[in-house]
Each structure stands twice: as structure tokens, then as C-alpha cells.
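Visitor: Sharing a structure here in C-alpha cells format.
Only the coordinates and a few stated rules stand behind these numbers; no lab work does. Just so it is clear, the model here is predicted, and its values are computed rather than measured. So basically every Cβ, Gly included, is an ideal-geometry build from the backbone, and we count neighbours across all protein chains shown.
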Amino acid sequence: MSEEKNRLRERASGSADRRETPGFSIRPAIQDDVPLILALIRELAEYEKLTHEVSATEDDLRKWLFGKHPAAEVLIGESDGQPAAFALFFHNFSTFLGKPGIYLEDLYVRPEFRGQGLGKAMLARLARLAKERGCGRLEWWVLDWNEPAIRFYESLGAVPMDEWTVYRVTGAALEELAVRC
């Protein structure tokens with residue numbers, strides 16, 4: 001593991017969150033966490049009624065989270081040593097700000113651990129990482145039917161970007177686009 005990666009892992013594994021939420025700690029995921037990460041992804045997909053869209057495998061996660069060129073990072077939140085939450089994120093870049101940002105792909109707190117401040121602690125950790133890394137923003141999407149999440153995010157000062165429409169190309173359309181011109 002590179003010296004830079006070790007330094008980032010050390011920073012990400014600080015103890016500030018233990019102080020904010022007693023019994024709760026946040027740590028960077030390690031390769032041995034891959035089965036847990038996949039289980040949490042499947043739980044999130046079930047909650048979002050999107051299990052039919054999950055095709056990720058442990059091999060996929062191992063390659064893209066811990067391989068030669070990692071595409072994303074994961075934080076694991078634990079409550080008294082039990083896996084309680086995860087956040088999967090990666091860097092993006094704002095041309096207008098001229099700075100990187102952190103894009104939070106998924107934040108999930110297991111139902112039995114909700115309402116204890118764990119989601120807030122995970123977002124606070126990501127905000128600290130963003131500041132430490134010189135990022136200009138922390139952003140994410142939320143399903144428009146997920147009112148509890150929307151209320152939670154807005155209580156933290158997050159604002160919806162209603163003037164933007166998300167577009168996606170995937171599957172056969174992605175294949176077709178890739179061979180055009």
C-alpha cells in the first residue's frame with residue numbers, strides 16, 4: 001500500500017466520531033470487508049426497492065475498491081463493534097469551482113441503528129475528509145420518495161438541486177453509444 005494511501009487511512013480512522021456518538025466508530029474499509037460491503041449494498045437495494053438492479057459481486061468490489069486503480073472508497077460505521085452503516089464515495093471535479101469534490105454514492109444505516117446519530121456522524125466524517133482533501137463540495141442524490149432521508153439531509157443544511165435533471169446511459173444504450181462515430 002502506498003504511503004499516501006496509508007496517510008489517508010490514518011486520517012480517516014480518527015476518533016472524533018467516537019466522541020460525537022458514544023459506542024460508534026468509523027473506519028476505512030479493508031479488503032476483508034468486501035462480503036460485508038456487498039451485504040450492505042444488498043440491504044440498501046432492498047430498502048430502495050431496487051434489488052433487481054444489483055449485479056455487483058465480491059470480485060467486482062475487490063477490483064474496484066482495493067485493486068490497482070481503486071475507483072471509490074468505503075467507510076464502515078460500527079456500533080459497539082457491530083457493523084451498522086457504510087458510506088461509499090469517490091472524488092469528482094467541479095469545473096466552476098476548479099476543485100475536486102466528494103460524491104457520496106451510497107449512505108446506509110441499518111434499520112436497528114437508525115435514530116442514534118450514526119448517519120450524521122458518517123456525513124460529518126465525509127465533510128471533514130472533503131475539507132482535509134481541499135474539496136469544494138460534498139454532494140449526493142436522494143430518491144424523491146425518501147422523505148425521511150430528505151428531511152434528515154435538509155436538517156443538516158443540504159439543499160436540493162431541483163434545477164438539474166440526471167441523465168444516465170447504461171446497458172445496450174451504453175454499448176451503442178460507445179461504437180458511434
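Visitor: How big is the antiparallel share of DSSP beta bridges in the chain, given as a percent to the nearest 5?
Guide: The antiparallel proportion sits near 90 percent.
Visitor: Normalise the Debye intensity by I(0) for the chain, one equal point scatterer per Cα, no solvent, then take log10 at q = 0.10, 0.19 Å⁻¹ and round to two decimals.
Guide: Values returned for q = 0.10, 0.19 Å⁻¹ are -0.43, -1.61.
Visitor: Can you give me the relative contact order of the chain as a percent, contacts being Cα pairs under 8 Å and 6 or more apart?
Guide: Relative CO of the chain lands at 16 percent.
Visitor: Work out the FRET efficiency for R128 and A158 from their Cβ-Cβ distance, taking R0 = 22 Å, and round it to the nearest 0.05.
Guide: About 0.85, to the nearest 0.05.
Visitor: Another question, if that's okay. Once you've got the GNM for the chain with C-alpha springs shorter than 10 Å, pick whichever of E163, E53, E147 has the biggest mean-square fluctuation.
Guide: Result: E163 has the largest fluctuation of those listed.
Visitor: Pick from P111, P70, P148 the residue whose mean-square fluctuation is largest in a GNM of the chain, springs joining Cα atoms under 10 Å.
Guide: It is P148.
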